[in-house]
Every structure is written in C-alpha cells, then in structure tokens.
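Worksheet: the structure to be examined is printed underneath.
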Amino acid sequence: MVKENIARELPVQQLLILSICRFAEPISLTSVFPYLPEMIESFGIPRDEVSKWAGVTSAVYSLSQAVTGIAWGQASDRFGRKPVTLVAMMCIMTTSLLFGFSRTLVWAIVARSLAGASCGNVGIIRTMVAEMVPYKELQPKAFSVMPLVWTIGSIFGPSLGGALANPALKYPMVFGESGLFGTYQFALPNLVGAAFFLVGLMVGTLFLKETLETKKDRRDYGIILGDILLLPFTRKKPGPKWSLEEERSASLLKHSRNSSAASLDTDTDAQGNRKAVPVVAPPTYREVFSRQSNLNLLTYSLLALHSLAYDQLLPIFMHYPQQTDRSMNPDVHLPFKFTGGFGLNSDRIGLLFTVYGVFGMLIQFFVFPSLARHYGVLPCLKVVTTIFPIAYIITPFTALLPTPTTQQIGLLAVMMIKCWAGIFAFPCTTILLTNSAVSLRILGTLNGVAVSISAIGRAVGPAIGGYSFTVGVDKGYGILPWWILGCFGILGAVAPWWLVEMEGFGGSNDDSDNDEAGHDEAILHNNSEEEEQPSAILIASGPLSEMGEDHDQFGIEGNPLSGSEGLSKKKRVVAAE
C-alpha cells in the first residue's frame with residue numbers, strides 16, 4: 001500500500017457561499033434586541049411588566065424552535081440540505097416581516113413563535129459544514145466560520161435595529177412624521193433584514209452545492225443556471241478534468257463507527273460510468289443518543305440557556321431607569337439590595353452591542369482557531385465554562401459605579417469577558433457534538449435534536465431571566481436574575497468534565513491519509529478493470545492541477561498529486577496492483 005500525504009485545505013468557496021446564506025439570520029434575530037423594550041411599551045404595556053413580556057416573546061421563539069428542530073433535521077436527511085435550507089430562509093424572512101408590522105402584543109408574540117418554528121437552519125448548516133470538512137485538524141477553523149458570520153451579523157443587527165427603529169420620530173425629514181413608518185414604527189429594520197435574506201436566497205440557489213451524500217447526484221437547476229450566468233466571467237481550462245467527487249463519496253460514508261447499517265449499491269450515470277450510490281437505513285434513536293452525544297447535548301443546552309438569557313436580559317437592564325439617591329433610600333441596603341439600570345435609549349444600546357460584536361469577531365477570527373488547535377477543543381471548553389458564572393454575578397454591580405460613563409465602561413468590560421467565553425464555548429461544543437456522532441448519516445438528525453433541546457434552554461433562560469428581573473425589581477433585589485443565571489453557569493461548567501474528545505470522521509492525519517491512499521488504489525484498480533482506455537486511470541490525463549472544484553466539498557481543496565511526479569506515483573500504484 002502506498003502512503004500519500006494529502007495537503008488538506010478548507011473548501012473556501014462553498015463555505016463563503018454558505019456564509020452568505022447564513023448572514024441574514026443573525027441580523028434578523030439580533031436587530032430586535034435594542035428596540036424590543038420600546039416596542040412592547042408601544043403596545044401599552046406598563047414599564048414594570050416590559051421585562052416579563054420581553055422574556056415571553058423570546059421564550060415562544062425558542063419553544064417553537066424546539067418543537068420543529070428535529071423535523072427540520074429529518075427533512076434535510078430526506079430531501080437534501082440545500083432545498084430545506086432555502087425553504088427555511090424564506091420562512092424566516094416572511095415571519096420577520098410579520099413581526100416588524102405588529103400592532104399588538106399578541107400579534108408580535110405569534111409572529112415570533114412562527115419565526116422560531118421556521119428557524120431550522122442552525123442544525124442543517126452545522127451539518128453541511130461537517131460534511132464539507134470531516135477532517136479533525138481543519139475543524140477548529142471550519143467550525144469557527146459560521147459563528148464568525150453570526151458575530152458579524154450580530155454587529156450589524158443591533159446597529160440596524162437601534163438606528164432604524166421608529167424612523168418617523170428619529171428622521172422626520174426623510175420619512176415624515178406619519179405615513180407607513182409612522183404607523184408601523186418597527187417595520188424598517190425588518191424590511192432591511194428581508195433584503196439580506198433575498199441576497200442569501202439568490203446566492204444559495206445559484207451556487208450552493210448539495211452536501212448530503214445520497215442527493216449529490218440529483219440534477220440542480222439552480223447550479224446549472226448559476227454556471228450559465230458565470231460563463232461570460234470564466235475562462236475554460238484546457239484538457240480533460242477529473243474530479244475527486246466519486247472517489248471521496250464512499251470515503252465519507254466509510255468513516256462511520258456503525259457502518260454495518262449502511263450498504264453500497266452501484267448505478268450508472270448518464271455517461272455510462274459506474275459509481276457508488278449509498279443506500280442507507282434511517283438512523284435509530286440508539287445511534288443518535290449515544291452516551292457522549294447525550295453529554296454534549298446537555299452541555300450545549302445549558303450553555304444556550306444561560307448565554308442567550310444573558311444577552312436578551314442586557315438590553316432590558318440597560319433600558320431600565322437608573323435608581324437615584326441610593327444613600328437616602330431606606331429600601332436600599334448595599335451591597336445586595338438595590339435596583340436600577342442605566343436608562344439608555346435604543347441608539348446607545350445598539351452602539352454597545354456593536355462594540356460587543358466587533359470584539360467577538362476579532363476573537364473569533366484571530367484567537368480561537370489557533371488556541372483551539374494548540375490546546376485542544378475540550379480543554380478550551382473546560383476553561384471558558386468557568387468564566388460565565390463570574391461574569392453573570394458581577395454584571396448588576398456595574399450599576400453602582402459613580403457616573404454613567406464609568407457604568408457603561410464597566411458593563412462593557414464584563415460583556416467582553418462573557419463574549420470571550422461565548423466565542424470559544426459554542427464552536428467547541430459544536431465540534432465535540434459533531435465528532436460524537438456514530439455515523440455521518442445521522443448527523444442531520446443529531447443536529448436537529450441539538451437545535452430542539454438547546455431551544456428549550458433558550459426558551460427557559462429568557463423566561464426565567466425576564467420573570468426574575470420583574471420579581472427582583474419588585475422586591476428590591478436587582479441582582480436576582482443575574483445570580484440565577486450564575487447558578488446555571490455553574491451547572492454548565494460541570495458537565496464538560498465528563499466529555500471525551502472523539503476522533504471524528506476524518507480521523508488523524510496519518511490514519512486518514514493511509515485510508516485515502518488505500519481507497520485511491522481500489523478506485524484505480526476498479527477503473528482499470530472496467531475500461532482499457534488509459535484516460536480512465538489518469539495515465540493519459542492532463543495534470544491534476546486542472547481538477548474541477550467539486551472536490552472542495554470534502555475539505556481537500558487543491559491537488560494531492562500534481563504534474564509528472566503525481567502521475568508517476570499513480571502509475572506505480574496501478575503497476576503494483
């Protein structure tokens with residue numbers, strides 16, 4: 001057997017296209033945060049009850065997502081990743097517009113519930129990344145791409161929401177004091193968000209490739225149209241092209257720790273070439289819920305619970321009026337019994353969240369991949385989960401700082417600490433969960449389960465946060481919601497100590513390289529038996545540097561062997577057989 005070291009690179013083109021499809025969703029979700037308290041007040045809700053109804057609005061979103069998450073994952077396993085992703089994007093765009101044009105609290109809650117039910121892309125996109133990049137050494141960088149996109153979207157989202165909410169009041173010379181945006185005060189941020197969805201839908205339809213193994217050979221008219229549109233801007237490469245697509249297809253399914261349930265049949269394509277067509281049985285619940293998968297699901301759910309609750313409680317805390325003259329107030333007993341927020345408007349809240357997002361983007365891009373690769377995903381997760389409860393417990397005390405400027409600086413510093421932990425924690429749990437799957441064929445269902453279970457946490461967290469904030473303000477203990485989140489953060493820091501970092505589907509460098517070399521030999525040997533033409537076994541083909549880009553889906557962008565050296569190695573393999 002000949003050992004070949006394949007230089008693996010990320011499938012940058014497809015990850016970029018997937019990022020464009022993903023970008024609109026964080027904008028749509030986070031643009032709500034700055035103006036949600038004002039929106040609820042505009043419905044005639046008393047200020048003391050705003051936090052409670054804000055928590056309910058967030059909770060119904062996550063509960064609906066929990067109900068439909070598994071169904072979206074199963075649909076992607078059945079119909080393919082790409083069509084289900086595009087359908088989900090259209091649904092989210094429609095429901096976000098319904099929310100923006102809400103005139104009553106019931107209308108807004110129903111719209112958010114429908115938006116949550118439509119939000120099935122979290123697990124599907126995560127599955128697509130795993131199928132594009134099955135190799136463990138590339139996973140920290142690959143799995144940081146979508147969180148990075150989310151972070152960038154989280155920068156623009158609050159900025160758009162804060163700047164474009166109630167435009168008739170803020171920009172009367174542009175929009176007028178009446179008219180459409182005078183009646184629908186919070187429609188404009190959602191209309192802008194819908195424009196981003198339209199761009200993502202167009203790019204995804206034309207250029208996003210299917211990653212589900214059993215659906216890759218299906219004719220994609222969107223891709224065909226995209227190729228036609230790009231013809232004037234592309235230059236055809238001379239010579240025949242050979243793709244690693246067929247060769248890697250069986251390899252991906254082969255990297256399964258429960259491959260007995262999967263079998264391969266053969267079929268013939270339009271050109272008469274034999275190729276492997278995977279025939280797989282549907283996943284069982286025992287396969288989905290392995291011990292390590294269960295522990296990862298618990299860790300991810302607790303992380304989603306307290307992290308999202310914190311982010312959604314922050315704008316309520318910032319918007320709540322300041323408590324003045326604490327020294328003269330008999331109901332205040334420092335350091336624990338006090339209330340009050342910052343009294344900030346949506347513009348200022350949006351600015352603070354923008355700084356928060358920029359910091360997260362820098363950490364995601366420049367710090368996380370190298371540290372995770374150097375120290376390991378699991379050790380990083382164990383460290384950062386201990387940071388969350390500390391940040392939560394400190395947060396309410398920033399309101400005690402002497403001036404508004406120092407208060408905002410202090411809160412921003414705590415937000416930075418929490419952001420650092422979150423930027424590491426979510427990709428780490430995603431990688432560990434992906435590698436805990438016993439087979440690639442259950443990955444869509446497993447990620448659907450993860451979305452559903454974590455959505456329960458995202459529903460419970462804001463509901464608990466909003467209700468405890470109301471109770472805390474009523475009883476005079478503003479620290480109550482933050483310390484409750486601190487308790488959940490402590491629980492979330494315990495579970496990772498029972499996790500084990502699995503090998504994943506690409507294996508280690510040496511193992512996977514050996515497997516691929518052996519698989520190359522088998523492919524070449526089978527091709528030589530089927531056809532006598534030299535081109536079938538690449539002997540008379542052009543240099544492998546002229547390969548197409550289809551093999552990018554497997555995380556092996558670039559040619560493993562090129563020029564005369566590569567061809568001579570292939571000849572020796574065939575000769576040895």
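The values are calculated or read from the model by the stated rules, or taken from the named source; none is laboratory data. The structure presented is a predicted model; accordingly, all values stated were derived computationally and were not measured. Virtual Cβ from ideal backbone geometry, glycine too; neighbours counted across all protein chains shown. With ligands, DNA and RNA removed, areas are computed over all heavy atoms of the protein, side chains included. Shrake-Rupley method; radii C 1.70, N 1.55, O 1.52, S 1.80 Å.
Just one of the listed residues (418, 475) is basic (Lys, Arg) and buried (at least 22 other Cβ atoms within 10 Å of the Cβ), and it is 418. Just one of the listed residues (182, 153, 204, 123) is in a helix (DSSP H, G or I) and in contact with a Cys (Cβ under 8 Å, 6 or more places away or on another chain), namely 204.
In this structure, residue 410 qualifies as of a type outside the set (A, V, I, L, M, F, W, C) and more than 21 Å from residue 496 (Cα to Cα).
Being open to solvent by 50 Å² or more (accessible area, probe 1.4 Å) and not in a helix (DSSP H, G or I) holds for only one residue in 78, 103, and it is 103.
Every listed requirement among (1) within 20 Å of the chain's Cα centre (by Cα); (2) at pLDDT 85 or above is met by residue 344 save one, (1).
The single condition among (1) open to solvent by 10 Å² or more (accessible area, probe 1.4 Å); (2) in contact with a helix residue (DSSP H, G or I) (Cβ under 7 Å, 6 or more places away or on another chain) that residue 402 does not satisfy is (2). Of the listed requirements (1) open to solvent by 60 Å² or more (accessible area, probe 1.4 Å); (2) at pLDDT below 90, residue 394 misses just one: (2).
Looking at (1) open to solvent by less than 40 Å² (accessible area, probe 1.4 Å); (2) more than 19 Å from residue 101 (Cα to Cα); (3) in contact with a Phe, Trp or Tyr (Cβ under 9 Å, 6 or more places away or on another chain), find the lone condition where residue 199 falls short. All conditions are met except number (1). The residues in the stretch 443-493 that are more than 30 Å from residue 128 (Cα to Cα) and either at pLDDT below 85 or of a type in the set (Val, Ile, Thr) (or both) can be counted, and the count is 9. Only one entry in 85, 94 is more than 30 Å from residue 341 (Cβ to Cβ), in contact (Cβ under 8 Å) with a residue 24 or more places away in the chain and in contact with a Cys (Cβ under 8 Å, 6 or more places away or on another chain), namely 85.
Yes/no matrix, rows are residues, columns are (1) open to solvent by 10 Å² or more (accessible area, probe 1.4 Å); (2) more than 17 Å from the chain's Cα centre (by Cα); (3) at pLDDT below 90:
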residue: 65; (1), (2), (3): no, no, yes
residue: 86; (1), (2), (3): yes, no, no
residue: 109; (1), (2), (3): yes, yes, no
residue: 114; (1), (2), (3): yes, yes, no
residue: 131; (1), (2), (3): yes, no, yes
residue: 153; (1), (2), (3): no, no, yes
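Among the criteria (1) farther than 22 Å from residue 305 by Cβ; (2) among the polar types (S, T, N, Q); (3) open to solvent by 10 Å² or more (accessible area, probe 1.4 Å), the one residue 435 does not fulfil is (3). Looking across the stretch 11-28, the residues that are among the hydrophobic types (A, V, I, L, M, F, W, C) and either over 14 Å from the mean Cα position of the chain (by Cα) or surrounded by fewer than 24 Cβ atoms within 10 Å (Cβ to Cβ) (or both) come down to 12, 15, 16, 17, 20, 23.
Residue selection: residue 344 satisfies the criterion of being touching a helix residue (DSSP H, G or I) at 6+ places or on another chain (Cβ under 6 Å), buried (at least 19 other Cβ atoms within 10 Å of the Cβ) and assigned to a loop (DSSP other than H, G, I, E, B).
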